[in-house]
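Down below is the structure, laid out as C-alpha cells.
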Protein chains: 2
Amino acid sequence: MARANRALYRAFVDRDIEAMDALWARAAPVACLHPGQPPLYDRATILASWRAILRNPAQPTTVRIVEDVVVARGDMGMVICREILPGAHLLATNVFTREDGAWRMIHHQSAQAPGPAGAAPAPPAPKRDRRKMH
Amino acid sequence: MARANRALYRAFVDRDIEAMDALWARAAPVACLHPGQPPLYDRATILASWRAILRNPAQPTTVRIVEDVVVARGDMGMVICREILPGAHLLATNVFTREDGAWRMIHHQSAQAPGPAGAAPAPPAPKRDRRKMH
C-alpha cells in the first residue's frame, strides 16, 4: 500500500492524469477532501478536480512525502503522511481498498499543518523541475 | 460503524472522556490529526488531546453531524462526515477497525471546510447546553 501511496504523489509530480485515474477505485465508493474545499463524492468529479490541479501551472511540481504510517487490515488500509510542498506542510489521510488484486484509492483528505517541531521551514521550490520524488 | 461514529461526537458533546477512551482501539495503531495541529500517533497522547478539548470551556458543546458516508470492508471501515459546530464547518475522516467484536476508532482527521453551497451559515451557539446531538 505504501507503493500505491507513492503512486498518488508520483502522478501529482508527473502531472499524469492517466496514472491518477488508474489509481482510484472503480467499483468502491470514493471520496476526496481537498484542503478548504467542498467534499467530492463522485469519481468523475474527483478526477476532474485532480485534472484541474495537474493542469494548474501555479501548483508545485515537487512534493516530499515523509512520516508515512501504513495501517492495513484485509482488503482495506490507509496511509497517513506528511506532504511537504514548497512553502507548505500538509497532513494527508489516504485510504485504499483492494480491487482486481491491486490497492486502489478510495479516499484522500489533506489539510494544512504546522511543520514538525523544531524543523526548518519547507525549502523554496527548486528552479529546475524535479520529476521524481525520491 | 455509523453508530461508532455517532459515539465519537456524543462523547464530545457529553464531555465524556471515558466514552472517548472506550471508543479508541487498544491493539491497532492509532492516529489523530486535529485541525492545524501536529499529528498524533500515540494512544495516550491522543486521549490526552481529547481530554484537553473536552475540558476546555471555550469548546462548543454542540455538534451536528451530516452527510455521513460509510464505507466498510471486512474488519475495517471509514466514515466521512461534515461536523457543523457553532460558527464553523469541518469535514472529518474517521477510520475504524473491529476489535473484540466492536468497531473501534483508529484514526480521526478533521479540517475546516466551507459550508454547503447555498447553505445558511451555521447557527450561533445556543444559550442553553444541549447535551444530545440529535
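Some notes on this structure:
- Plainly put, the tip 7 Å out from Cα toward Cβ on B:Asp75 is 1.6 nm from that tip on each other copy, the closest given first.
- Estimated [θ] at 222 nm from DSSP helical runs (n ≥ 4, -39500 (n - 2.57)) normalised by residues in the protein assembly as shown, nearest 500: -7500 deg cm²/dmol
- Residue among B:Ala27, A:Gly74, B:Pro116 farthest towards the positive dipole end of the protein assembly as shown, charges placed on Cβ: B:Pro116
- Taking all protein chains as shown and a probe of 1.4 angstrom, B:Tyr41 keeps an accessible surface of around 80 Å².
- Note on A:His89: accessible area approximately 20 square angstrom, rounded to 10, probe 1.4 Å, nucleic acids and ligands left out.
- Dipole of chain B [Lys/Arg +1, Asp/Glu -1 at C-beta], most positive-end residue of B:Gln37, B:Ile65, B:Ala4: B:Ile65
- Averaging the sequence gap over all C-alpha pairs within less than 8 Å and six or more residues apart, then dividing by the number of residues, gives chain B a relative contact order of 27 percent.
- Rounded tilt (10° steps) of A:43-55 against the dominant C-alpha axis of chain A: 20 degrees
- Interface residues of the stretch A:63-78, defined as those losing at least 10 Å² of solvent-accessible heavy-atom surface relative to the isolated chain (probe radius 1.4 Å), are listed as A:Glu67, A:Val69, A:Val71, A:Arg73, A:Asp75, A:Met76, A:Met78.
- Estimated dipole of the protein assembly as shown in Debye, rounded to 20 [Cβ of Lys and Arg +1, of Asp and Glu -1, Cα centre]: 340 debye
- For the pair B and A, the buried accessible area comes to roughly 2500 Å² in total, with a 1.4 Å probe and the value rounded to the nearest 100.
- Using alpha-carbon coordinates, inclination of helix A:2-14 to the longest axis of chain A, degrees: 60 degrees
- Per residue accessible area in Å² of the protein assembly as shown, where ligands, DNA and RNA are left out and the probe is 1.4 Å: 48 Å²
- Copy-to-copy label distances for B:Ser49, where each label lies 7 Å from Cα along Cα-to-Cβ, are 2.2 nm in order of increasing length.
- Within the stretch A:8-95: Cβ-based charge dipole about Cα centre, in debye rounded to nearest 20 (Lys, Arg +1; Asp, Glu -1): 100 debye
- Computed from the C-alpha gyration tensor, the three semi-axes of the ellipsoid equivalent to the stretch A:1-111 are 20, 16, 13 Å, from longest to shortest.
- The 3J(HN,Hα) values that the Karplus relation (6.51, -1.76, 1.60; θ = phi - 60°) gives for the stretch A:87-95 are, in residue order, x, 8, 10, 10, 10, 10, 10, 10, 10 Hz. Gly and Pro appear as x.
- Spread of Cα-to-Cα distances over 5 Å intervals beginning at zero, given as percent, for the stretch A:48-87: 6, 19, 15, 17, 19, 15, 6, 2
- Heavy-atom accessible surface of chain A: percent carbon and sulfur, 1.4 Å: 53 percent
- With DNA, RNA and ligands ignored, accessible area of A:Ile17 (1.4 Å probe; Å², nearest 10): 50 Å²
- Once the Kirkwood radius over Cα pairs is known for the protein assembly as shown, the Stokes-Einstein relation at 20 °C and 1.002 mPa s delivers a diffusion coefficient of 111 µm²/s.
- Average beta-carbon neighbours from other chains, 10 Å sphere, peptide B:34-45: 3
The values are calculated or read from the model by the stated rules, or taken from the named source; none is laboratory data. Here the structure is a predicted model, which means the values were calculated and not measured. Every residue, glycine as well, gets a Cβ built from its backbone with ideal geometry; the counts of neighbours run over all protein chains shown. In case anyone asks, the SASA skips ligands and DNA or RNA and just uses the protein heavy atoms, side chains included. Shrake-Rupley method; radii C 1.70, N 1.55, O 1.52, S 1.80 Å.
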